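The block underneath contains the structure these notes are about, expressed in structure tokens.
The values are calculated or read from the model by the stated rules, or taken from the named source; none is laboratory data. Treat the numbers as computed from the prediction; the structure is a model and nothing was measured. Cβ sites come from the backbone with ideal geometry, for glycine too, and all protein chains shown count toward neighbours.
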Amino acid sequence: MRLAAKTAIVTGGASGFGEGIAQVFHEQGANVVIADLNGEGAVGVAKELGERALGLQCDVTILDDLKSVVAQSISQFGRVDIVVNNAGWSHKNQPMLEVSEAEFDKVFEINVKSIYQMSKAVIPHMRENKNGVIINIGSTAGKRPRPGLSWYNATKGAVNLLSKSMAVELAPDNIRVNCIAPVIGATALLETFMGEKDTPEARAKFMAGIPLGRFSTPRDIANAALYFASDEADFITGVVMEVDGGRCI
């Protein structure tokens, strides 16, 4: 059990990559808190996992919501060791000037400001414990951007770089910060990223840029997160790991 006796919060954990991370962390012995805007979904995932799991409704852009998640995690499990900032959003794949201001604000609020808010909620606790792991879910979009997703790409570029900056600043507190940059996966946002219906032809077009010839899966991302969260990575910080089948080569 690589995460035995550790407690992890996974935002956006009710589906997709977040659900996959929650499942793998739980399999490896962690207490897992699934925090999601879809509270019913979060509770459902927690029930499927069984003991050592807690599902909570949470808006990751609201500081009080995240403070409540951290407080309830500590109350239930004693401490918080790991946070995975997985919650994310995207505007539709379209020309950059066709994205509305409301859509622009939403994607930055969820993808970037949420990390700011979670940092304010959980870092004081990690500093008290003189230990912690933060894993941010960035994207290959922040390293090799595709056209049509300019503002989303910008948020993930911010997450990728922010993770390095956080790692440097928090290293004296023994808080490690790393980032995972997945390539496109078959999640609920797939059609948003593609900007068209999910068809075999559309998938083939996007897979053509991935040397290993497939999309990422929740298990791919979860395995990378497990490594970063485990003691095996206790000298690893400030890394942006591409989990992309070679997309960024």
>> If I filter the range 217-229 for residues that are in a loop (DSSP other than H, G, I, E, B), over 17 Å from residue 17 (Cα atoms) and either at pLDDT below 95 or β-branched (Val, Ile, Thr) (or both), do I get at least one hit?
In response: no
>> Can you list residue pairs whose Cβ atoms sit under 7 Å apart, with the first residue in the range 1-27 being part of a loop (DSSP other than H, G, I, E, B) and surrounded by fewer than 24 Cβ atoms within 10 Å (Cβ to Cβ) and the second being charged (D, E, K, R) and modelled with pLDDT of 95 or more? Count only pairs 6 or more apart in sequence or on different chains.
In response: 6/81
>> So, in the range 203-232, exactly how many residues are small (Gly, Ala, Ser) and under 18 Å from the mean Cα position of the chain (by Cα)?
In response: 6
> Would you say residue 195 is more than 20 Å from the chain's Cα centre (by Cα), over 25 Å from residue 236 (Cα atoms) and touching a residue at least 60 places away in the same chain (Cβ under 8 Å)?
Replying inline: yes
> What are the residues in the range 121-151 that are outside any helix (DSSP H, G or I), hydrophobic (A, V, I, L, M, F, W, C) and within 16 Å of residue 167 (Cβ to Cβ), if any?
Replying inline: 133, 134, 135, 137
> Which condition breaks for residue 156 when tested against (1) over 15 Å from the mean Cα position of the chain (by Cα); (2) among the basic types (Lys, Arg); (3) farther than 18 Å from residue 20 by Cβ?
Replying inline: (1)
> Does residue 73 fit the bill of being part of a loop (DSSP other than H, G, I, E, B), under 30 Å from residue 219 (Cβ atoms) and not aromatic (Phe, Trp, Tyr)?
Replying inline: no
>> Given the criterion in a helix (DSSP H, G or I) and touching a helix residue (DSSP H, G or I) at 6+ places or on another chain (Cβ under 7 Å), identify the matching residue among 171, 181, 188, 202.
In response: 202
> Limited to the range 75-94, what total is found for residues that are more than 18 Å from residue 155 (Cβ to Cβ) and either of a type in the set (Asp, Glu) or in contact (Cβ under 8 Å) with a residue 60 or more places away in the chain (or both)?
Replying inline: 7
> Residues of the range 28-44 being within 19 Å of residue 137 (Cβ to Cβ), surrounded by fewer than 24 Cβ atoms within 10 Å (Cβ to Cβ) and of a type in the set (A, V, I, L, M), which ones?
Replying inline: 37
>> If I filter the range 100-120 for residues that are crowded, with 16+ Cβ neighbours inside 10 Å and not in a helix (DSSP H, G or I), do I get at least one hit?
In response: no
> If only one of 63, 97, 56 is crowded, with 18+ Cβ neighbours inside 10 Å and not acidic (Asp, Glu), which one is it?
Replying inline: 56
